[in-house]
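What follows is a single structure, written as C-alpha cells, with notes after it.
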Amino acid sequence: MTKVVVIGQGYVGLPVSIRASEADFEVIGFDINLSRVRDLAAGKSFIEDISDARLGAALASSRYRPSADPADLAEFDVAVISVPTPLREGVPDLSFIESAAASLAALVRPGCTVILESTTYPGSTEELVAPVLERASGLTAGTDFHLGYSPERIDPGNETWTFERTPKIVSGVSPASLAAVQGFFDQLVDKTVAVSSPKEAELAKLIENTFRHVNIALVNELAMFANDLGIDVWEAIEAADSKPFGFMKFTPGPGVGGHCLPIDPSYLSWRVRRSLGHTFRFVELANDVNEHMPDYVVQRVVAALNRRSLAVRGQRILLLGLSYKKNTGDPREAPSKEILKRLLALGADVRAVDPHVVRDQIPFGVQAVELTAEELSEAALAILVVDHDAFDLDLIGHSGAEVLDCRNVLTGPNIEKL
Ligand SMILES: NC(=O)c1ccc[n+]([C@@H]2O[C@H](COP(=O)([O-])OP(=O)(O)OC[C@H]3O[C@@H](n4cnc5c(N)ncnc54)[C@H](O)[C@@H]3O)[C@@H](O)[C@H]2O)c1
C-alpha cells in the first residue's frame with residue numbers, strides 16, 4: 001500500500017489526508033500541535049468541511065492515523081506539505097515550510113514524491129524546498145526523487161466546489177516529477193491541470209488570490225465614494241452584473257480576512273520587490289483599501305450614532321458575525337477583530353453573536369451572546385459583519401434595532417447599508 005504523509009493537519013492538510021485515505025492510501029496525518037492530533041484521533045474534527053462522521057470513518061478504516069511522532073513519517077512514498085505561510089512584520093515567514101521540509105529530508109528515498117501545497121511565492125519549491133531535501137538525502141530532485149507544487153483551492157463552507165470537484169493545478173521539477181504529482185492527485189480529485197513548472201503553479205495560486213483581493217478593493221472603494229455621493233452601490237453592482245459577458249460580480253464588505261486574501265498577495269509583492277526592485281502597485285493599493293474597511297465601518301457607526309446625538313462611549317453595540325466569511329468558524333484575520341478593537345478603544349460596550357466561532361476563539365473584551373430580540377433591542381446599534389445562514393434575518397430586520405448591514409441582506413427603515 002502506498003504510504004502518504006501529510007505534514008500539517010489544518011484547513012488544508014486534513015481534507016487532503018481524509019480524501020487520500022478514502023482513495024485507499026495509507027495516510028499519516030502529521031502535526032506538531034499535540035492537542036490537534038489528540039482531538040483528531042478522538043474523532044473530533046475542527047473544520048466544517050470534514051464532519052466527525054467522515055473523520056470517524058477514516059479512523060475506523062485504519063487508513064488514516066493522526067500523529068505527532070516524527071518516527072511515523074519513515075518510509076513515506078508521497079509527502080504533502082500543508083503548513084502555514086504567514087507574514088511576519090509584512091514579510092513572508094517561510095520557517096514552517098523549512099521545518100516541514102527538514103523533517104522529511106532524511107527520509108527521502110529514491111522514487112518517493114514530495115509535494116508542497118502551502119501558498120507561497122514563486123520559486124519556493126525549487127529554491128527553498130529542493131535544496132533542503134537534496135542536502136540531507138544526497139539525492140537529486142526530479143531524477144532520484146520527485147518534487148512538485150500543487151496549490152490548494154479549498155473554499156471552506158463551499159458545498160458545490162468541494163475538494164474533489166475543484167480542478168487541481170499540478171506541477172513538477174521535471175516531467176517525471178510532474179507525472180508523479182499528477183498521478184497522485186488524479187486519484188483524489190475529478191480533474192488535474194498540469195503546468196510546466198512549479199513556478200507557474202505557485203504564481204497561478206497567487207494570481208487567483210490577488211485577483212479577488214484587487215476586485216474586492218475596487219468595490220470597497222466604490223462603496224465608500226457611492227455612499228458620499230448618495231448612490232446605492234449595491235444596486236449599481238447588481239445592475240452591472242446583468243451584463244452576460246466581460247463582468248464578474250464582487251461585493252463590498254467590512255474588509256477581507258482568512259488565511260488567504262490579507263496575506264497571499266503580499267507574498268507576490270514581496271517577491272517582485274525583492275527580485276526586481278519594483279512595487280506591485282495593485283497589491284499595495286488593494287491592501288491599503290481593504291485594510292481601511294474596518295476603520296470605515298467604525299466611522300459609519302460613529303456617524304449613525306451621532307445622528308441620534310449619541311456618543312460611542314458607553315453604548316451597547318452588537319456585532320453579528322465574527323468569522324472572516326459566511327458559514328465558517330474561522331476567525332483568522334477577520335475584519336471583525338479590527339472593528340471590535342476600534343469600538344472598544346472608543347469605549348463601546350460590545351457584545352457579539354457568532355454560532356460558528358468556538359468560545360475560546362472569541363476575542364478578549366467582548367461578551368458572546370445569543371441572537372435574541374432582547375439583545376437586539378438593548379443595543380444602540382447592531383453591525384451585521386457576516387451573513388451566516390444561521391442568522392434569523394427576519395428577527396434582525398423586524399426588531400426595530402438600528403443595523404449597519406455590511407452584506408446587503410437586510411431591508412427596512414432601520415437598516416443602513418455599508
Ligand atoms: N485555509 C484555507 O482556506 C487555505 C486555502 C488554500 C491554501 N491555503 C494555504 O495552505 C497552507 C496551510 O493553511 P491552513 O489553513 O491549512 O493552515 P492551518 O493553520 O489550519 O494548519 C496548519 C497546520 O500545520 C501545523 N504545522 C505547522 N508547522 C508544522 C510542522 N513543521 N510540522 C507539522 N505540522 C506543522 C500546525 O500545527 C497546523 O495544525 C497555507 O499556506 C495557506 O495559505 C489555505
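The values are calculated or read from the model by the stated rules, or taken from the named source; none is laboratory data. Predicted model, so just to flag it, every value in this text is computed and none were measured. Cβ coordinates were reconstructed from backbone atoms using ideal geometry, including for glycine residues, and neighbour counts include every protein chain displayed. Protein only, heavy atoms only, side chains kept; ligands, DNA and RNA dropped before computing areas. Shrake-Rupley method; radii C 1.70, N 1.55, O 1.52, S 1.80 Å.
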The residue from Glu370, Glu416 that alone is open to solvent by 60 Å² or more (accessible area, probe 1.4 Å), in contact with a strand residue (DSSP E or B) (Cβ under 9 Å, 6 or more places away or on another chain) and not in a helix (DSSP H, G or I) is Glu370
Taking segment 133-172 and keeping only residues that are under 27 Å from the mean Cα position of the chain (by Cα) and among the hydrophobic types (A, V, I, L, M, F, W, C), one is left with Leu147, Ile154, Trp161, Phe163, Ile169, Val170
Taking segment 402-413 and the residues there that are buried (at least 21 other Cβ atoms within 10 Å of the Cβ) and hydrophobic (A, V, I, L, M, F, W, C), the one that is nearest to Asn327 (Cα to Cα) would be Cys406
Inside segment 55-71, the number of residues satisfying the requirement of being in a helix (DSSP H, G or I) and not aliphatic (A, V, I, L, M) is 2
### Boolean, Asn227 is open to solvent by 10 Å² or more (accessible area, probe 1.4 Å), in contact with a Cys (Cβ under 7 Å, 6 or more places away or on another chain), assigned to a helix (DSSP H, G or I) and touching a residue at least 40 places away in the same chain (Cβ under 8 Å)
no
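The rows are residues; the columns are (1) modelled with pLDDT under 95; (2) buried (at least 19 other Cβ atoms within 10 Å of the Cβ).
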| site | (1), (2) |
| --- | --- |
| Glu208 | no, no |
| Ala217 | no, yes |
| Asn220 | no, yes |
| Phe247 | no, no |
| Gly253 | no, yes |
| Ile263 | yes, yes |
| Tyr267 | yes, yes |
The residue that is nearest to Thr251 (Cα to Cα), considering only those in segment 384-411 that are out of contact with any helix residue (DSSP H, G or I) (no Cβ under 9 Å at 6 or more places or on another chain) and among the charged types (D, E, K, R), is Arg407
Note on Phe25: of the conditions (1) open to solvent by less than 60 Å² (accessible area, probe 1.4 Å); (2) within 11 Å of the ligand (Cβ to nearest atom); (3) modelled with pLDDT of 95 or more, unmet is (2)
Do the conditions hold for Thr125, that is, is it crowded, with 20+ Cβ neighbours inside 10 Å, within 15 Å of the ligand (Cβ to nearest atom) and at pLDDT 95 or above? yes
Among Gln367, Gln361, the single one that is at pLDDT below 95 and within 16 Å of the ligand (Cβ to nearest atom) is Gln361
If we keep only residues of segment 111-122 that are within 22 Å of the chain's Cα centre (by Cα) and of a type outside the set (Val, Ile, Thr), then the residue farthest from the ligand (Cβ to nearest atom) is Pro122
On the given criteria, is Ala382 more than 24 Å from Glu159 (Cα to Cα), in contact with a strand residue (DSSP E or B) (Cβ under 8 Å, 6 or more places away or on another chain) and assigned to a helix (DSSP H, G or I)? no
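To keep it simple, each residue is scored yes or no on (1) more than 11 Å from the ligand (Cβ to nearest atom); (2) under 20 Å from Ile28 (Cβ atoms); (3) touching a strand residue (DSSP E or B) at 6+ places or on another chain (Cβ under 8 Å); (4) open to solvent by less than 40 Å² (accessible area, probe 1.4 Å).
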{"site": "Val80", "(1), (2), (3), (4)": "no, yes, yes, yes"}
{"site": "Pro84", "(1), (2), (3), (4)": "no, yes, no, no"}
{"site": "Gly90", "(1), (2), (3), (4)": "yes, no, no, no"}
{"site": "Ala106", "(1), (2), (3), (4)": "yes, yes, no, no"}
{"site": "Leu133", "(1), (2), (3), (4)": "yes, yes, yes, yes"}
For segment 380-395, state whether one or more residues are surrounded by 18 or more Cβ atoms within 10 Å (Cβ to Cβ), of a type outside the set (Phe, Trp, Tyr), within 17 Å of Val233 (Cα to Cα) and modelled with pLDDT of 95 or more. no
One residue is enough: does segment 32-54 have a residue meeting the conditions within 25 Å of Gly183 (Cα to Cα) and crowded, with 21+ Cβ neighbours inside 10 Å? no
Within segment 55-78, of all residues that are touching a residue at least 24 places away in the same chain (Cβ under 8 Å) and of a type in the set (S, T, N, Q), the one surrounded by the fewest Cβ atoms within 10 Å (Cβ to Cβ) is Ser61
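A quick yes/no check of all residues on (1) within 16 Å of the ligand (Cβ to nearest atom); (2) under 23 Å from Leu418 (Cα atoms); (3) touching a Gly at 6+ places or on another chain (Cβ under 8 Å); (4) part of a helix (DSSP H, G or I):
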residue: Lys249; (1), (2), (3), (4): no, yes, no, no
residue: Pro252; (1), (2), (3), (4): no, yes, no, no
residue: Val256; (1), (2), (3), (4): yes, yes, no, no
residue: His259; (1), (2), (3), (4): yes, no, no, no
residue: Ser269; (1), (2), (3), (4): yes, no, no, yes
residue: Val272; (1), (2), (3), (4): no, no, no, yes
residue: Thr279; (1), (2), (3), (4): no, no, no, no
residue: Ala286; (1), (2), (3), (4): no, yes, no, yes
residue: Met293; (1), (2), (3), (4): no, yes, yes, yes
Looking across segment 282-326 at residues that are within 19 Å of the chain's Cα centre (by Cα) and of a type in the set (S, T, N, Q), the single one that is most open to solvent (accessible area, probe 1.4 Å) is Asn287
Across segment 149-162, the tally of residues that are near the ligand (Cβ under 10 Å from one of its atoms) and in contact with a helix residue (DSSP H, G or I) (Cβ under 9 Å, 6 or more places away or on another chain) stands at 4
